[in-house]
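Chemist: Before I ask anything, here is the structure I am working with.
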Amino acid sequence: MKPPSARPLLMKFIAMGLTPAETRARARLLMRRAVLSHAGRDRSEDPEAELNRIEAALRRIDEGRYGVCDECGEPIGAQVLLANPASPVCSGCAAKERHTSA
Ligand SMILES: [Zn+2]
């Protein structure tokens, strides 16, 4: 099965009333999810963990909470979301998390 093409998805999300940023993020998340769910189990990273983050991000888009940090409630920077559309936290909280868990 080949991954879905972005264009019809984008048209559908715009029709759903999502913002351009949410539209782009949602399309990227769905494509990533399609790739991951067809990936083999012989990868070094854990596809389940990333799939969970993707599902959570898709849920946040549907609930209108996308782009807001789970930890501090501040907006997650556009740069962070471009690099990782599934990121649940802002760069500040992500750095803190890395410090405490390392
Ligand atoms: Zn934060």
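Any read-out appearing in this document is the output of simple, stated calculations on the displayed coordinates, not a laboratory observation. Note that the coordinates shown come from a computational prediction; the quantities given were computed from them, not determined experimentally. Counting neighbours? That spans all protein chains shown, and the Cβs are built from the backbone with ideal geometry, glycine included.
Chemist: Can you give the translational diffusion coefficient of the chain in µm²/s, computed by Stokes-Einstein from the Kirkwood radius over Cα pairs at 25 °C and 0.890 mPa s?
Modeler: Once the numbers are plugged in, D ends up at 169 µm²/s.
Chemist: Also: For the charge dipole of region 6-101, defined by +1 on Lys and Arg C-beta atoms and -1 on Asp and Glu C-beta atoms about the Cα centroid, which residue among Cys90, Cys69, Val35 has the Cα displaced farthest towards the positive pole?
Modeler: Result: Val35, furthest along the dipole toward the positive end.
Chemist: Another question, then. Exposed loop trypsin sites (Lys or Arg not before Pro) only (DSSP loop, at most 14 other Cβ atoms within 10 Å): please give the longest stretch of the chain free of them, not including the sites. Working shown, then result.
Modeler: Numbers: sites that count: Arg41, Arg43, Arg65.
The segment 1-40 is the longest one with no such site.
Chemist: Could you please report the charge total around Arg65, scoring K, R as +1 and D, E as -1 over all other residues with beta-carbon less than 15 angstrom from its beta-carbon? Numbers along the way, then the final one.
Modeler: On the way: positive: Arg26, Arg53, Arg59, Arg60; negative: Glu22, Glu55, Asp62, Glu63, Asp70, Glu71, Glu74.
Charge balance near Arg65 sits at -3.
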